[in-house]
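Visitor: Encoded as structure tokens, here's the structure I'll be asking about.
Bear in mind that the values in this text are calculations on the coordinates, not laboratory data. Because the structure is predicted, anything quoted here is derived from the model rather than measured. Ideal geometry is used to build each Cβ from the backbone, glycine not excepted, and the neighbour counts take in all protein chains shown.
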Amino acid sequence: DDPERVRNTYEHIQGSQWEIARSNLVITNQQLGNGHFGEVKKGFIKERGRQEPVAIKSLKDNASEKDKTDFLNELNIWKKVGKHPNVVCLVGACHIRGVMYVAMEYARYGDLRTFLRRSRKNKDHHTYANMASTLRQTTLLKFALDTVSGLAYIAEKGIIHRDVAARNVLLADHLTAKIADFGLSKNDDTYVKTSRTRVPVRWMAVESLFNNTYTTKSDVWGFGILLWEIFTLGGTPYACIDTQQLFNFLKDGYRLKKPSLCDQNLYAMMLQCWNERPERRPTFPEIQGRLQRIIEDSQ
Ligand code: ADE
């Protein structure tokens, strides 16, 4: 363990636009999310007599090496990302008694996957009959469009997200969807993973599964899975297949089936996102344009 590294990273923040004065940060005991994000608590930034809600991640100086690497990587990527309406923005950081706190924009409706699952009237995953009335088709399409707009923006910044999934999309005011969690992100054209760490296999492109290679086109694959999650109202991809079977399933050219809530047009786009050859997958701006047209045509 290297407590120095956390402090050193904090030095880049001290005196910069990202430093939050200790006296302006209020951390509550209210835990946000279901633990997937690690510890995230609700807090407030005091500013000109107002209190702005924020979500706060924390990292102890004596955290594990892996947690530190992910956390500091996320912070560095986040500083580079900048502002976009469909990306959860970094508010700042603060180091208090051996703990680094990172504050981000608060998204009041929580993560997309939990939201979708709560919207199910019937807990039976196979009964979709009432769903269109529960969450309207246009709301689902808007989640998809928001997400792809955020992804197009970060791709243009040269960032590979590497964990595109409904659990990493947050819903803010007016149900605006925003990309979050840059813990696995890389600032690279192509990233080749060398260490053996846990990876989100069910969201991974074939070249990532078989060759540990990650590009914006593998994020496009992940977006295809995310589309599938949206139109199954938070379904688990390949729920009946274990990891080893999944490798063979995909290698043999099989893909997820069409969700009943989604039309052929949209399913065709999912299948394109899952093209075995990355260069044949659509780009994020292409997907963005197509979703915009689908939304216009449906209104
Ligand atoms: N859970 C994790 N991150 C969050 C955020 N930024 N806003 C609300 N809930 C969250």
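Visitor: Tilt of helix 216-231 relative to the longest C-alpha principal axis of the chain, in degrees (0 to 90, nearest 10)?
Guide: Tilt relative to the chain: about 70 degrees.
Visitor: Counting Lys and Arg as +1 and Asp and Glu as -1, each charge on the Cβ, what is the dipole of the chain about the Cα centre in debye, to the nearest 20?
Guide: Once rounded to the nearest 20, the dipole reads 640 debye.
Visitor: Here's something else I'd like to know. Can you tell me the 0 to 90 degree angle between the C-alpha axis of helix 65-81 and the longest principal axis of the chain, rounded to 10?
Guide: 80 degrees
Visitor: Test of understanding: what is the full-extension gain from Asn73 to Thr28, defined as 0.36 nm times their sequence separation minus their Cα-Cα distance?
Guide: The span from Asn73 to Thr28 would gain 13.7 nm if fully extended.
Visitor: Another one. Which of Ile154, Ile27, Ile225 moves most in a GNM of the chain, Cα contacts under 10 Å?
Guide: Among Ile154, Ile27, Ile225, the largest GNM mean-square fluctuation belongs to Ile27.
Visitor: If you build a Gaussian network model of the chain, linking Cα atoms that sit under 10 Å apart, which residue out of Arg50, Arg118, Arg202 swings the most?
Guide: Highest fluctuation among the options: Arg50.
Visitor: Angle, helix 284-297 long axis vs. longest principal axis of the chain, Cα atoms, 0 to 90°, nearest 10?
Guide: 60 degrees
Visitor: Ok, one more. First measure r as the distance between the Cβ atoms of Asn8 and Lys157, then evaluate 1/(1 + (r/R0)^6) with R0 = 22 Å and state the FRET efficiency to the nearest 0.05. List each step's numbers first, then the result.
Guide: Values: r = 25 Å, r/R0 = 1.12.
It comes out at approximately 0.35.
Visitor: Please give the contour-minus-distance gain from Leu261 to Asn62: 0.36 nm per residue of separation, less the Cα-Cα distance, rounded to one decimal in nm.
Guide: 66.9 nm
Visitor: Taking the chain as a Gaussian network, where each spring joins two C-alpha atoms under 10 Å apart, which residue of Gln30, Gln288, Gln244 fluctuates the most?
Guide: Gln244
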